[in-house]
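Here is the structure we will look at, set down as structure tokens.
The values are calculated or read from the model by the stated rules, or taken from the named source; none is laboratory data. Bear in mind that the values here come from a model prediction, so they are computed numbers and not experimental data. With ideal geometry, Cβ positions are generated from the backbone for all residues, glycine too; neighbour counts draw on all protein chains shown.
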Amino acid sequence: MVVEPKAWEHYSEEEVLEANKLKYGNEAIVQFYEDFEESKYSYREYDVVFSAVVDMLMPHLSGSLRAVDICGGAGKGAFTIKKCCPKAEITLVDLSEKMLGVARKRAAKEGFNDIKMVLSDAYTFLNGNKEYDIIIFSSAVHHFKDPVKLLETAARSLSPRGVIITIADPNRLKSTRRYKFFEFLATDKTNKKTIIKNLLKNGFKGKDKPDIFDVAEYQAYYGIDDLKLRKDLEESGLNALAHIRYPAGESYLTKIMPYFGLFWAFSFILTPNDKYKGKEWELKHRIKRSMPFAVDLM
Ligand SMILES: C[S@@+](CC[C@H](N)C(=O)[O-])C[C@H]1O[C@@H](n2cnc3c(N)ncnc32)[C@H](O)[C@@H]1O
């Protein structure tokens, strides 16, 4: 029986969670992460953002920095913090045992033997009365039905000087034709053939639904309205010290996309209090100056 996908708003939080469990328990997906070699520059924005945040926080901490990478997957966020601050106490949380397996292998290869790996879904972990100086969501916010609820919940686990970093989520520019053209340039031959076949079948004004309705990735296809999300977060008392829009992806595309206004990924540095008041400009300026490609600071 073929089941017609529902509209996104009709999916419950539990259904989205189940879709993620299914997806990241799938051997082929896990294998992709196992084999995937990050290109030099897809890490660069992590280095820039994370080191700026670590340097802002460190003078205010009495003990070692405590960070948690929620939805940590293969470990990109956790490893970047480790590189910025080798003495940090780091925890990586993921709901997939198989993804944790990939993270363990990579951590061993990098020589990061003291990262704690925890099998848990984000909400269960975040409701566990722990406290962190940095809470990371890397390519993670778009996997949740309600990003505001997620980030509000995370904020309750922050230390007095703590901040949340979200990075590598797509915004609504992903739905534009301009973006789709660049996506076509970057994709492999097989995908190019499928895209052309679909265009011939459906025309340029064809269905705007993805071919495979993947609930776990729904917001990756359509993008998140980052301006609305920021406003909603501000209304709930979580302020953006920085809101960065940037052109994530292949290094050559990150150089070209800004000329087309395609700052299609976003990152927030969030705080629930005014402890860093007056520091925003310095933080943003450092990030803008250090990025290897043009960024839009909102
Ligand atoms: C796109 S991957 C991102 C992995 C990594 N953070 C990165 O930047 O490469 C999404 C990860 O989130 C995990 N995940 C999805 N929903 C989750 C949830 N509700 N709680 C915990 N982990 C979740 C998945 O298992 C997967 O490893």
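Suppose we filter segment 80-114 for residues that are at positive phi and in a strand (DSSP E or B); how many remain?
Number of matching residues: 0.
Could you tell me which numbered condition T254 fails, if it satisfies all but one of (1) closer than 30 Å to L185 by Cα; (2) surrounded by fewer than 22 Cβ atoms within 10 Å (Cβ to Cβ); (3) among the polar types (S, T, N, Q); (4) modelled with pLDDT under 95?
Result: T254 fails condition (2) only.
Look at A220 and say whether it is under 14 Å from the mean Cα position of the chain (by Cα) and part of a helix (DSSP H, G or I).
yes
Answer yes or no as to whether L65 is touching a residue at least 24 places away in the same chain (Cβ under 8 Å), more than 15 Å from the ligand (Cβ to nearest atom), more than 30 Å from E13 (Cβ to Cβ) and touching a Leu at 6+ places or on another chain (Cβ under 8 Å).
Answer is yes for this residue.
Only residues that are charged (D, E, K, R), surrounded by fewer than 22 Cβ atoms within 10 Å (Cβ to Cβ) and closer than 20 Å to R161 by Cβ: list them for segment 37-94, please.
Across segment 37-94, the qualifying residues are D55, R66, K87, E89.
Which of the strands (runs of 3 or more DSSP E) contained wholly in segment 115-174 include at least 2 residues that are within 15 Å of the ligand (Cβ to nearest atom) and more than 18 Å from the chain's Cα centre (by Cα)?
Once the strands (runs of 3 or more DSSP E) in segment 115-174 are filtered for at least 2 residues that are within 15 Å of the ligand (Cβ to nearest atom) and more than 18 Å from the chain's Cα centre (by Cα), what remains is 116-119.
Based on this model, can you work out whether G77 counts as within 11 Å of the ligand (Cβ to nearest atom), assigned to a helix (DSSP H, G or I) and under 23 Å from Q219 (Cβ atoms)?
yes
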